[in-house]
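Input: a single structure, listed below in structure tokens.
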Amino acid sequence: MGVVMVTGSAGLIGAETVRHFAGGGRTVAGIDNDMRAYFFGDEASTRWAADRLRQEFPNYRHHPADIRDYAALERIFQEYAGGIDLIVHTAAQPSHDWAAREPLTDFGVNALGTLNLLEMARLFAPEAPFIFTSTNKVYGDAPNLLPLVERESRWELDPSHPWAEHGIDESMSIDQCKHSIFGASKVAADVMVQEYGRYFGMKTAVFRGGCLTGPGHSGAELHGFLSYLMKCAMTGREYKIFGYKGKQVRDNIHSRDLVSCFAHFAQAPRSGEVYNMGGSRHSNCSMMEAIAGCEEITGKKMNVSYVEDNRIGDHIWWIGDVRKFQAHYPDWRYTYDIRAILQEIYHGFEGRV
């Protein structure tokens, strides 16, 4: 068995990927320099996750490199040259709001970093599947133009719309809309991953995630919706709702279910594929519904405030249609719904907050 390369290996999805493959006996080389602490402060640091991976898996090798540093990546890939048979790229600057503060840093990490890794793959492991965690934010604010209906606790897509039953599919345009600076940098990366698949014939896949979540999230106000929400519910910290009456809807997928998608793709890879991947109709909630769920689990009333202005480029309603992936990989199944996700996040925080 060859080496699995994982970027952002101490983050939510990266660490779950390490656990999956290292737990199966694979050698995993992780690349993570804890930029999450730079983005969001020490509270969001992933050092604890990197330390835990080192302790749990002797077959995990950690490299604290910056993916913007081409020479550093080249040294790492040369070390494993000839033995790499899977690359999972999860490293990113993930926040709308933060990206506007430092657009050059955001684009450097999300776009240039991805291009660097694609070149490493092409030069050192051209046959290895290359999996990229993109985002539904590549669709910009186009979903907000859909016909939405206001319900008691959520916005909902008009039932007569063809996407109402299963959610938004990959045919939605990513062009001519407002993305946020973060969304634009992820578009650049997303399209480049597709291009390396289609132009060079590499086995690349783009997973456009909804809300990716789980107990491994170092949740912060600017990123990590359910994790940060539960942290506020448990500690009494104020939680701010930004616009849309708190009825904005997200689909949520557990990190373990997403990594299971990666494993299925790696077993039978395709070239230049794009998949919407989130909780779909199976696992979704509005902000109000998530707050109610946290209050029920913790037995505490949350300290919630409301800010009228929504975040730029934010979606009012997002539920993704995952049927394309399911058609390609029919053995894949969800194992978590919203309630199970919130329960696990709660138990993961016990003793930590």
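Every number here is computed from the coordinates shown, using simple stated rules; none is lab data. Since the structure is predicted, the reported quantities are computational estimates derived from the model, not experimental observations. Backbone-built Cβ (ideal geometry, glycine too); neighbour counts: all protein chains shown.
A simple spin-label model places pseudo-atoms 7 Å from Cα toward Cβ; at residue 38 and residue 198 they are separated by 3.2 nm. Between amide H atoms placed 1.01 Å from N, distances below 5 Å from residue 177 occur with no residue 5 or more places distant or on a separate chain. In degrees from 0 to 90, rounded to the nearest 10, what is the angle of the helix 113-124 Cα long axis to the longest principal axis of the chain? Orientation of helix 113-124: about 30 degrees from the principal axis. Angle, helix 12-23 long axis vs. longest principal axis of the chain, Cα atoms, 0 to 90°, nearest 10? Approximately 50 degrees, to the nearest ten.
Could you tell me what % of all Cα pairs in segment 159-266 have separations over 17 Å?
70 percent
Converting phi to 3J(HN,Hα) with the Karplus coefficients 6.51, -1.76 and 1.60 and the offset θ = phi - 60°, segment 168-177 yields 7, 9, 6, 7, 4, 5, 9, 9, 6, 8 Hz in sequence order, with x at every glycine or proline. Remark on residue 274: its backbone amide H falls under 5 Å from those of 206, a criterion applied only to residues 5 or more positions apart or on other chains, H modelled at 1.01 Å from N.
What is the local net charge at residue 46, summed over the other residues whose Cβ is closer than 13 Å to its Cβ (Lys, Arg +1; Asp, Glu -1)? For residues surrounding residue 46, the net value is -2. Whole-Hz Karplus values for segment 277-288 come out as 9, x, x, 6, 6, 6, 8, 8, 7, 8, 4, 4 Hz, taken residue by residue from phi with 6.51 cos²θ - 1.76 cosθ + 1.60 and θ = phi - 60°; glycine and proline positions read x. Below 14 Å Cα-Cα, how many Lys pairs turn up in the chain? Only count pairs eight or more apart in sequence, or on different chains, if you could. For the chain, qualifying lysine pairs total 6. For the chain, the longest principal axis of the alpha carbon atoms and the long axis of helix 255-267 meet at an angle near 40°.
Mean-square fluctuations from a GNM of the chain, with a 10 angstrom spring cutoff on Cα atoms, peak among 304, 18, 149 at 149.
What FRET efficiency do you get for residue 309 and residue 69 if R0 is 41 Å and r is their Cβ-Cβ distance, rounded to the nearest 0.05? Efficiency, rounded to the nearest 0.05: 0.65. Here the sum of -39500 (n - 2.57) over DSSP H runs of 4 or more residues, divided by the residues of the chain, equals -11500 deg cm²/dmol at 222 nm, to the nearest 500. Annotation: amide H-H contacts under 5 Å for residue 62 (H modelled 1.01 Å from N, sequence separation of 5 or more, or interchain): 30. Charged side chains reduced to their Cβ positions (Lys and Arg at +1, Asp and Glu at -1) give the chain a dipole of some 440 debye around its Cα centre. Pairwise alpha-carbon distances in segment 3-349 exceed 30 Å for 31% of all pairs.
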